[in-house]
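Worksheet for the structure shown next.
The values are calculated or read from the model by the stated rules, or taken from the named source; none is laboratory data. All values reported here derive from a predicted model rather than from experimental measurement. Using ideal geometry, Cβ is built from the backbone for each residue, glycine included, and neighbour counts are taken over all protein chains shown. Areas reflect the complete protein model, heavy atoms only, side chains present, ligands, DNA and RNA absent. Shrake-Rupley method; radii C 1.70, N 1.55, O 1.52, S 1.80 Å.
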Amino acid sequence: MRNIKSLKLAVERQIANPPGEVSIIELVDLFVEYAYSSRASDIHIEPGDDNVIVRLRIDGILQDIFTLPKELQSEVISRIKVLSGLKTDIHHVPQDGRFKAKIGDVEEIDVRVSIAPTYSGENAVMRILAETSQKFKLEDIGFDKKQYRMIIRAIHKPYGMILANGPTGSGKTTTLYTIIKELSTRAVSIITIEDPIEYSIEGITQIPVNVQAGLNFANGLRSILRQDPNIIMVGEIRDTETASIAVNAALTGHLMLSTLHTNDAATTFPRLLDMGVPPFLVASTVNIVIAQRLMRKVCQSCRQQKFLSIADIEHLGPLAEVYIEKKVYTVGAGCDDCDGLGYRGRVGIFEVLSVNEEIRSLIANRSSASQIKQAAVKNGMHTMTQGAFEKAIQGETTIEEVLRMIYE
């Protein structure tokens, strides 16, 4: 596999050619290989009035990388459509697909594609689904020892719900896949319904949502229950119907794994109640909630110590009183390995809320998320803010990255 500098030069040489002499096939292949080598999760090809910007999402942050002549837009989009098996003569409706890309002589990766019409023509977003994301073990994801023990206890119960929460791109699916691999043996049947299937896992049955064929999460989940599963994963609980079926499945002897879009662990319970699930069912079925975010890690090649100034401490505000005991933190100076950013890779921060009798009582009485959070913290739950500052104290990330996470 070529290095990033040689790939960048190859792309720039193609772009510098007159439009009629550009190899579109090679250019699209180079975009994918460059993104993979840069550890990017997504490639955005965004048309403007006069040109096309190629942006990469690296460690969760979008960066402008290349600018293409406007004349190449339709050809690049058509090539991506051909690779993905999409219709090249349709330009006014969104299309989704996927293809496999060869990286070097050995590596093969999945690329998920979304095409959408915009004011300036069609754009494309390609998500890189690299096999490396499947190699995590539960103990390696980033849980502290107490959180890890809580999760192991919860996932080895014969029934109930395990929920992973957070915004898009926070690593929820990776967490659930890792739990599934921990549980997967020949003695149990594991079935998932996903939109879409991100990674193929050997030994389990994975069903993709197909809205056009009438297969959504709710009726797919009904079908799964007739397939004699022990463990079920639903990609996301989006609506009342799915929530109701999932909760009842968890109540009738199945271990149910799913995700929700909530800001923290405690908000999960009011969210389920808002979906119309009775409080006593929520209290009876949810075993554990894992809320998470991903923060950028300090580059190991250029990390150095930094003393907090008075201005830094003032910027931290009330957080300083709790976390300012250690005034030396780690930053990245910027180097070739991290492309001058000072960050390379990401680390998970987690909030793990185990449902005990006190929490169940609060849920049954429709208590607010803040009351549930207070009870969980009193019982020893570490908040994500605490986890983030601990990562900074340990030198894994920076104070600036912690503040970005908190304010976002």
Problem set entry | Shape of region 92-177, Cα gyration tensor, a/c cut at 1.5 | prolate
For this session: Answer with one residue from 30, 74, 365: the one whose Cα lies farthest towards the positive end of the charge dipole of the chain, charges on Cβ with Lys, Arg +1 and Asp, Glu -1.
Result: 365
Problem set entry | Principal-axis tilt of helix 145-155 within the chain, Cα atoms, nearest 10 degrees | 80
Exercise. Carbon-plus-sulfur fraction of the accessible area of the chain, 1.4 Å probe, in percent?
Worked result: 49
Problem set entry | Local electrostatic count, residue 248, Cβ distance below 12 Å [Lys/Arg +1, Asp/Glu -1] | 0
For this session: Provide the gained length on full extension for the span residue 403 to residue 311, in nm with one decimal, where the gain is 0.36 nm per separating residue minus the Cα-Cα distance.
Result: 31.7 nm
Exercise. Taking K and R as +1 and D and E as -1, what net charge do the other residues with C-beta under 13 Å from the C-beta of residue 116 add up to?
Worked result: -2
Exercise. Can you work out the FRET efficiency for the pair residue 210 and residue 252, with r the C-beta to C-beta distance and R0 = 25 Å, to the nearest 0.05?
Worked result: 0.45
Seminar exercise, completed: With +1 at each Lys and Arg Cβ and -1 at each Asp and Glu Cβ, the charge dipole magnitude of region 1-107 around its Cα centre, to the nearest 20 debye, comes out at 320
For this session: Compute the FRET efficiency between residue 159 and residue 223 as 1/(1 + (r/R0)^6), taking r as their Cβ-Cβ distance and R0 = 22 Å, and round to the nearest 0.05.
Result: 0.70
Seminar exercise, completed: Toy charge model, Lys and Arg Cβ at +1, Asp and Glu Cβ at -1: region 135-290 dipole around Cα centroid in debye, rounded to 20, equals 460
Exercise. What percent antiparallel are the DSSP beta bridges of the chain, to the nearest 5?
Worked result: 70
For this session: Name the residues whose placed amide hydrogens come within less than 5 Å of the amide hydrogen of residue 120, ignoring near sequence neighbours (fewer than 5 apart) on the same chain.
Result: none
For this session: Collect residues whose amide H, placed 1.01 Å from N in the peptide plane, falls under 5 Å from the amide H of residue 206; neighbours closer than 5 in sequence don't count.
Result: 192
For this session: Skip the ligands, DNA and RNA, and give the accessible area per residue of region 274-408 with a 1.4 Å probe, whole Å².
Result: 49
Exercise. Counting only residues 5 or more places away or on other chains, whose amide H sits under 5 Å from the amide H of residue 259 once H atoms are built in the peptide plane?
Worked result: 164, 236, 237
Exercise. Counting each DSSP H run of 4 or more residues in the chain as -39500 (n - 2.57), what helix-only mean residue ellipticity at 222 nm follows after dividing by all residues, to the nearest 500 deg cm²/dmol?
Worked result: -10500 deg cm²/dmol
Problem set entry | Highest-MSF residue in the chain out of 391, 81, 306 [GNM, Cα springs under 10 Å] | 306
Exercise. Whole-Hz Karplus ³J(HN,Hα) for region 272-277, in order, using 6.51 cos²θ - 1.76 cosθ + 1.60 and θ = phi - 60°, x for Gly and Pro?
Worked result: 5, 5, 5, 7, x, 7
Problem set entry | Distance between region 12-60 and region 122-184 - C-alpha centres, whole angstrom | 30
Seminar exercise, completed: Honestly region 18-123 on the Cα gyration tensor test (a ≥ b ≥ c root eigenvalues; a/c under 1.5 rounded, otherwise a/b vs b/c for prolate or oblate) is just rounded
Exercise. With the dipole of the chain worked out from charges on the C-beta (+1 for Lys and Arg, -1 for Asp and Glu) around the Cα centre, which of 256, 356, 3 lies farthest toward the positive end?
Worked result: 356
Exercise. By the gyration tensor of its Cα atoms, with a ≥ b ≥ c the square roots of the eigenvalues, what is the shape of region 53-107: rounded for a/c under 1.5, prolate for a/b over b/c, or oblate?
Worked result: oblate
For this session: Note the full-extension length gain between residue 64 and residue 105 as 0.36 nm times their separation in residues minus their Cα-Cα distance, in nm to one decimal.
Result: 11.9 nm
Seminar exercise, completed: Taking the reciprocal of mean 1/r across every pair of different Cα atoms in the chain, the Kirkwood radius in Å is 23.3
Seminar exercise, completed: With the 1.4 Å probe rolled over protein heavy atoms, region 1-155 has an accessible area per residue in Å² of 52
Seminar exercise, completed: Measuring from the longest principal axis of the C-alpha atoms of the chain, the long axis of helix 4-16 (C-alpha) lies at a number of degrees, nearest 10, equal to 50
Problem set entry | Partners for residue 378 among aspartates and glutamates (Cα-Cα distance below 15 Å; same-chain residues under 8 apart left out) | 351, 357, 358
Problem set entry | Electrostatic dipole magnitude of region 284-408 [Cβ: Lys, Arg +1; Asp, Glu -1; Cα centre; debye, to 20] | 260
Seminar exercise, completed: With R₀ set to 35 angstrom, the calculated FRET efficiency between the beta-carbons of residue 328 and residue 148, to the nearest 0.05, is 0.80
Exercise. Farthest toward the dipole's positive end in the chain, which of 331, 402, 165, given Cβ charges of +1 (Lys, Arg) and -1 (Asp, Glu) about the Cα centre?
Worked result: 165
For this session: Go through 81/102; 146/181; 137/373; 146/306; 145/391 and tell me which ones have a Cα-Cα distance over 19 Å in this structure.
Result: 146/181; 137/373; 146/306
For this session: Treating the angle as unsigned and between 0 and 90°, give the value, to the nearest 10°, between the Cα long axis of helix 172-183 and the longest Cα principal axis of the chain.
Result: 60
